[in-house]
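Colleague: Questions regarding the structure given below will be posed in turn.
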Amino acid sequence: MQVKQLLEGKGREVATIERSRSVADALTMLKERRIGALVVTGATPPLVGIFSERDAVRAFASAGSAAFAMPVANFMSDEVIICHEASTTTDLMMLMTEQRIRHVPVIENNTLVGMISIGDVVKARLHELEAEKRELIDYVSAR
């Protein structure tokens, strides 16, 4: 399955935050939207970083409660791994495993068009396995 198909099923909305906003603002957005990462935007399109739950943990480990008032830019991951709509779920599983990441922004023509999480990939793979199972059962039953 391609990322394009995943996005058609889950939607293309991406939660973003400006790099100058506070860590407290980012945490509020993560909580309210029940998500694990935000794409960080800035002067350079389509993104300048990603701020995840892991980044929040690192922020508090290094700055303590003072991190709440500090800008997201201080703690975001600025080397963002991306994918494209033509990428496959297999590509993403390998990428996420090798890079030890849980969220991958989808970029097409220098435009942010979606976000894929590890949960999205697992769900898609489970659907693929169920379809394969049904096909095998149908094949064996038809004998």
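Colleague: Evaluate the distance, in nm, between pseudo-label points positioned 7 Å from the Cα of ALA142 and of ARG12 along their respective Cα→Cβ axes.
Modeller: Inter-label distance under the simple model: 3.7 nm.
Colleague: Taking θ = phi - 60°, what integer Hz values does the Karplus form 6.51 cos²θ - 1.76 cosθ + 1.60 yield along segment 30-45, in sequence order, with x for Gly and Pro?
Modeller: In residue order, the calculated couplings are 4, 5, 4, 8, 6, 10, x, 7, 10, 7, 9, 10, x, 5, 9, x Hz.
Colleague: I've got another one for you. With the dipole of the chain worked out from charges on the C-beta (+1 for Lys and Arg, -1 for Asp and Glu) around the Cα centre, which of ILE35, ALA124, ALA67 lies farthest toward the positive end?
Modeller: Checking the options against the dipole of the chain, the answer is ALA67.
Colleague: Can you give the % of DSSP beta bridges in the chain that are antiparallel, to the nearest 5?
Modeller: About 75 percent, rounded to the nearest 5.
Colleague: Sticking with this structure for a sec: With the Cα gyration tensor of segment 3-141 giving a ≥ b ≥ c as the square roots of its eigenvalues, does the rule (a/c under 1.5 for rounded; else a/b larger than b/c for prolate; else oblate) give rounded, prolate or oblate?
Modeller: prolate
Colleague: Follow-up. Rounding to the nearest 10 and keeping the result within 0 to 90°, find how far the Cα-based axis of helix 118-141 lies from the longest principal axis of the chain.
Modeller: 0 degrees
Colleague: Please arrange ILE35, ILE50 by how many other C-beta atoms lie within 10 Å of their C-beta, fewest to most.
Modeller: The order, fewest Cβ neighbours first, is ILE35, ILE50.
Colleague: Would you mind computing, in nm to one decimal, how far apart the modelled labels at LYS31 and ALA43 are, each placed 7 Å from Cα along Cα→Cβ?
Modeller: Rounded to a tenth, the inter-label distance reads 3.3 nm.
Colleague: Can you compute the helix-only [θ] at 222 nm over the chain? Use -39500 (n - 2.57) per DSSP H run of at least 4 residues, normalise by all residues, nearest 500 deg cm²/dmol.
Modeller: -14500 deg cm²/dmol, from helical runs alone.
Colleague: Aspartates and glutamates within cross-link reach of LYS4: Cα-Cα under 14 Å, excluding same-chain residues under 8 positions apart?
Modeller: GLU13, GLU85, ASP91, GLU108, ASP120
Colleague: Obtain the nm distance between the two label points defined at ALA24 and LEU126 by a simple spin-label model: each point lies 7 Å from its Cα along the Cα-to-C-beta direction.
Modeller: For ALA24 paired with LEU126, the spin-label model returns 3.7 nm.
Colleague: Given the peptides 115-123, 87-95, arrange them by the average over their residues of other C-beta atoms within 10 Å, most packed first.
Modeller: The densest-packed peptide leads the list: 115-123, 87-95.
Bear in mind that the values in this text are calculations on the coordinates, not laboratory data. What you see is a predicted model, and the numbers here were worked out from it, not measured in a lab. Cβ sites come from the backbone with ideal geometry, for glycine too, and all protein chains shown count toward neighbours.
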